Amino acid sequence: MLSSLDTVLDIPTLGKLAVAYPSVNSWMLLKELADHGVVSDVAGWALLAGAELSFAGNDHKLAEQLYQAARLSFAIGGKEDHEGLFFVSGGLARVLNEAGREEVAQALAMGCDTHLETLKSAPPLEPGLSCFNLAEYYLQDERYACASILYMRTILLCRLLSYNGDHCNRAWAGLNRALRFIVRAQAASEKREQFSYFGPEIIEFLSSGLNAPDSPLKEAAEKEGVLLCLLHLSERESDANTALATIVALMNQLESGRLSKDHKSFLAAEVLSCLDEMGLSRKAVGLPILKQLVDVFSKAGNYTKAASAGAKLVDVSLDLFGDASLETVAPIELLARVYKAMERFDLAEECYRQILEVQYKVYPSEHEHMIDVLLSLAEVCLIQHDQGESEIFMESAQEMCVSISLRMLPLIVKMVKTTICKKMIRIASKKLSAYMSALMDSKRKWLVLPADYRAAKNLAKTSTM
């Protein structure tokens, strides 16, 4: 790119601009500068981020070139920057191994261990500080992918060297923000963010960081970006256990009253997409989650998503319990309420008809729950100006109500009689106890018992037979 450095009037400014605006052209410019001996640790970290992104984009040739340039940048004036070279050696070994150059890759991997041993023997006062500072700049400039890569490297260095200083905690906070922005940016598109520049080992790395006793991420808002990244990574790697644990954490966050409706709807949509992609929406484990999602979407006014989650809830209920089980009634009724809120009364009518079919299969005869469904059908038909159908359902509800009442009449009478009888027995028993107490107190054994005492005694005996 540069035929001669003599044509460049301000080389330092050129290098700074190349670092500030990361792109393939900028990284190639930094490579050219490194080839001409113009290097710095900041340029090395910028090249490292570029190499990681290039490798993730399957441009292994460019990734190797950028790693080699970063290698030159971290060898400033003959003094090696072991922090940068540790990551460069590991990344370059991965690239060469993919290219089938195993022997060279193995030698680089051994060099990676050597750099780490050197760092542990003489740990820097603030590990990865230069990397962290560039990550902070990229975050402010909305270069979120580059920022997240460099934050991750900072945190890993701090962990390897057992450092828990201020900028390490700030790196976690910055990483969380960068990851949240990345996921939110892709939410408007149909393509799911895969975080291809993070390997599968990052799942364990982030999970352990979140669950560590000394984790700087305490509040729900401080964890959101990391949780969303874990959700996408576990989806990419088909890690159902991590996905479910992450979903539970996000669903707990949805219970917070401090989140706006739009924010809740966004998080719920992420969970729903993950359930779909991993096939969990068709399994029993998805039932309670889908039910909660319907509620979240409905309260947020996002009835389209609520209907989508509700339809999936009905499908999995039918798969698990069949169409002759009352377990399917509640999900269908929930979906009907969503359709009514959307003013899709035709779809609500289909739901209520489906509920009625299930109830006819389950109950041996008319049941009081059927009356509610018939009345709901009458209502939605009337709203759709189908007065004839509405009257039919209303009459059916009235007839069923009368039929059930007549069938229950003997039982009601028996219950009433039983209740009255029990009340009379209680009154009689109280009178009997009162007379016995009076008799014992006075010790007048010759006392003639009054007639109502004898009646109470006889009634009490009859009740015990």
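The values are calculated or read from the model by the stated rules, or taken from the named source; none is laboratory data. The structure displayed is predicted, hence computed values, not measured ones. FYI the Cβ positions are ideal-geometry reconstructions off the backbone, even for glycines, and counts take in every protein chain you see. All accessible areas refer to the heavy atoms of the entire protein, side chains included, with ligands and DNA or RNA removed. Shrake-Rupley method; radii C 1.70, N 1.55, O 1.52, S 1.80 Å.
For region 39-52, enumerate the residues that are among the charged types (D, E, K, R) and crowded, with 20+ Cβ neighbours inside 10 Å.
Listed by number, the list holds a single entry, E52.
Taking the condition touching a residue at least 24 places away in the same chain (Cβ under 8 Å), in a helix (DSSP H, G or I) and of a type in the set (V, I, T), does V38 pass?
no
Exactly one condition in (1) aromatic (F, W, Y); (2) buried (at least 23 other Cβ atoms within 10 Å of the Cβ); (3) over 17 Å from L157 (Cα atoms) is not met by F55; state its number.
With respect to (1) aromatic (F, W, Y); (2) buried (at least 23 other Cβ atoms within 10 Å of the Cβ); (3) over 17 Å from L157 (Cα atoms), F55 is out only on (2).
How about region 128-151: which of its residues are under 14 Å from G84 (Cβ atoms) and out of contact with any His (no Cβ under 9 Å at 6 or more places or on another chain)?
S130, C131, L134, A135, I149, L150
Just to confirm my filter: which helices (runs of 4 or more DSSP H) fall fully inside region 69-141 and include at least 1 residues that are open to solvent by 30 Å² or more (accessible area, probe 1.4 Å) and basic (K, R)?
82-98, 102-121
Cβ-Cβ under 6 Å, sequence separation 6+ or interchain: first residue in region 95-115 and free of Cβ contacts under 8 Å to residues at least 40 places away in the same chain and farther than 17 Å from E52 by Cα, partner among the aromatic types (F, W, Y) and surrounded by 14 or more Cβ atoms within 10 Å (Cβ to Cβ). Which pairs?
H115/F86
Tally time: how many residues in region 250-265 are within 15 Å of L290 (Cα to Cα) and crowded, with 17+ Cβ neighbours inside 10 Å?
Residues meeting the conditions: 5.
So which residues in region 149-162 are assigned to a helix (DSSP H, G or I) and either open to solvent by 10 Å² or more (accessible area, probe 1.4 Å) or in contact (Cβ under 8 Å) with a residue 60 or more places away in the chain (or both)?
Of everything in region 149-162, those that are assigned to a helix (DSSP H, G or I) and either open to solvent by 10 Å² or more (accessible area, probe 1.4 Å) or in contact (Cβ under 8 Å) with a residue 60 or more places away in the chain (or both) turn out to be I149, L150, R153, L156, L157, R159, L160.
Considering only residues that are without any contact (Cβ under 8 Å) to a residue 24 or more places away in the chain and part of a helix (DSSP H, G or I), look in region 177-215 and name the one that is surrounded by the most Cβ atoms within 10 Å (Cβ to Cβ).
Among residues in region 177-215 that are without any contact (Cβ under 8 Å) to a residue 24 or more places away in the chain and part of a helix (DSSP H, G or I), the one surrounded by the most Cβ atoms within 10 Å (Cβ to Cβ) is L210.
What is the residue count in region 14-24 for residues that are in contact (Cβ under 8 Å) with a residue 12 or more places away in the chain and under 40 Å from the mean Cα position of the chain (by Cα)?
Selection size over region 14-24: 5.
Can you go through K299, K218, K283 and tell me which one is surrounded by fewer than 16 Cβ atoms within 10 Å (Cβ to Cβ), under 18 Å from W172 (Cα atoms) and basic (K, R)?
One residue alone meets the criteria, K218.
Looking only at region 166-175, which residues are buried (at least 17 other Cβ atoms within 10 Å of the Cβ) and farther than 9 Å from C229 by Cβ?
H167, C168, A171, W172, G174 - these are the residues of region 166-175 that are buried (at least 17 other Cβ atoms within 10 Å of the Cβ) and farther than 9 Å from C229 by Cβ.
Tell me, which residue of region 364-381 that is of a type in the set (D, E) and more than 19 Å from D346 (Cα to Cα) is modelled with the highest pLDDT?
Selected residue: E368.
Considering each residue of region 9-50, count those that are of a type in the set (V, I, T) and more than 19 Å from Y138 (Cα to Cα), and give that number.
3
Scanning for something of a type outside the set (G, A, S), in a helix (DSSP H, G or I) and in contact with a Ser or Thr (Cβ under 6 Å, 6 or more places away or on another chain), does region 14-31 turn up at least one residue?
no
Against the condition part of a helix (DSSP H, G or I) and under 18 Å from the mean Cα position of the chain (by Cα), how does A221 come out, does it pass?
Here the answer is yes, as A221 does meet what is asked.
If you scan region 257-302, which residues turn out to be farther than 18 Å from V314 by Cα, in a helix (DSSP H, G or I) and hydroxyl-bearing (S, T, Y)?
S265
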